[in-house]
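Reviewing the structure listed below.
The numbers here are math on the coordinates, done by the rules we state, and not lab data. On a predicted model such as this, the values are computed, not experimentally measured, just so you know. Every residue, glycine among them, receives a Cβ derived from its backbone with ideal geometry; neighbour counts consider all protein chains shown.
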């Protein structure tokens, strides 16, 4: 199983390797920001509702601009977008943590959202262009796994840096701020990798077609985005607040939360690398359906449990099962559409997920403040069951 990965990596196109290298550094920076930002805001006295609103500003910006970006990247060289992405994102995050002027923080989150747009419409199509049909599922999973490996290191460093700054005499808010800045500096180094990518365009398209020309059936596109939309609706209620869940319910420190998140991401890497092997035997869609359904009981345990060991087991199992097969969905969807539409469908699926995630993240923070964690975890579980049924109804017949 893992021999296949080594064989495919040895024969991989250099663009794929440089893309994965840049993705590791960007993932390190984003993981550090995501872990520390909530804790930074809580330490400064802000509530979950405000935190959720700020996160939603980033998500809605990305969702609003993703489809236009999908058409733009079809016409221009993608290296420019890849290189600008970490620079613009770092500037936005620096604005967010530069002070507690709320309008300025919203503006910074909007800038972060702009930076997030292009990776979502470039990554999948680039892998489709630069990998063979035999290796494709493995590289989609490997791309996701590289992001998680960067998350492991990012979480470990992010969890430790505030304690280091505390020992150096800085207050907690300043410690979180400087820790985030260190992560942003590492993320900016991804430009060195992205500058080596040679692929000019996602797909060659005829100039006779209009700028917004779509080659695939609109119904096919709608069908491909509905299940991710439902998943995003459920995920946004709980996933952005999992670090606060462990802080509020079990009084964990940022270091312990970082170590816990690193552990769960290591487990997710294992699941991701195994997923193509399972899909080869039972199919991509059945693998997704099975893993999602198995994750649901662990969601409910998280909402109900006040036992730390039990919650940790549920947290690790839920994350591993829910995420292990998600790259297979992207791979499957991009195989269904014309090459020129791959950036569009990648963007459309991302918009569906992000729009729902952003809306529910705003709601989730307020539900947690008012009712605690059980209600949002239960709604998330219901959404995952509905999306699993939709995968079976809409996707499975196309794979059979």
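With labels modelled as points extended 7 Å from the Cα through the Cβ direction, what inter-label distance (nm, one decimal) is found for residue 266 paired with residue 17?
Going by the 7 Å Cα→Cβ label model, 2.7 nm.
Based on the Cβ-Cβ distance of residue 76 and residue 195, what FRET efficiency does E = 1/(1 + (r/R0)^6) give at R0 = 22 Å, to the nearest 0.05?
Plugging the Cβ-Cβ distance into 1/(1 + (r/R0)^6) gives 0.90.
If each residue of separation counts as 0.36 nm, what is the full-extension length gain between residue 399 and residue 335 once their alpha-carbon separation is subtracted?
Numbers: separation 64, 0.36 × 64 = 23.04 nm, distance 1.07 nm.
Once the chain is fully extended between residue 399 and residue 335, it gains 22.0 nm.
What value, in deg cm²/dmol to 500, does the helix sum -39500 (n - 2.57) over DSSP H runs of n ≥ 4 give at 222 nm once divided by the residues of the chain?
Counting only the DSSP helices, I get -27500 deg cm²/dmol.
Shape of the range 14-157 from its Cα gyration tensor (a ≥ b ≥ c, root eigenvalues): rounded if a/c is under 1.5, otherwise prolate when a/b > b/c, or oblate?
prolate
How fast does the range 63-104 diffuse by Stokes-Einstein, in µm²/s, taking the Kirkwood radius from C-alpha pairs at 20 °C and 1.002 mPa s?
Estimated diffusion coefficient is 175 µm²/s.
Please label the shape of the range 100-154 as rounded, prolate or oblate, based on the square roots a ≥ b ≥ c of the eigenvalues of the alpha-carbon gyration tensor (a/c under 1.5 means rounded; beyond that, a/b larger than b/c means prolate, else oblate).
It comes out oblate by the Cα gyration axes.
For residue 100 and residue 134, calculate 0.36 nm times their separation in residues minus their Cα-Cα distance, and state this gained length in nm to one decimal. Before the final figure, lay out the partial values.
Numbers: separation 34, 0.36 × 34 = 12.24 nm, distance 5.05 nm.
Between residue 100 and residue 134, full extension yields 7.2 nm more.
Given a Förster distance of 25 angstrom, what is the FRET efficiency for residue 313 paired with residue 255, based on the Cβ-Cβ distance and rounded to 0.05?
The formula returns an efficiency of 0.75 here.
Out of 277, 353, 219, any idea which swings most in a Gaussian network model of the chain, alpha carbons joined below 10 Å?
Largest GNM mean-square fluctuation: 219.
For the range 82-214, what is the convex hull volume of the alpha-carbon atoms per residue, in Å³?
133
First check a/c for the range 32-90, with a ≥ b ≥ c the square roots of the eigenvalues of its C-alpha gyration tensor; if it is under 1.5, answer rounded, and if not, answer prolate when a/b is larger than b/c or oblate otherwise.
Values: a/c = 5.36, a/b = 2.14, b/c = 2.50.
Cα axes put the range 32-90 in the oblate bin.
Stretch residue 217-residue 178 to full length: gain in nm at 0.36 nm per residue minus the Cα-Cα span?
So the extension gain works out to 9.2 nm.
How far is it, in nm, from the label point at residue 281 to the one at residue 50 when both lie 7 Å from their Cα along the line to the Cβ?
5.2
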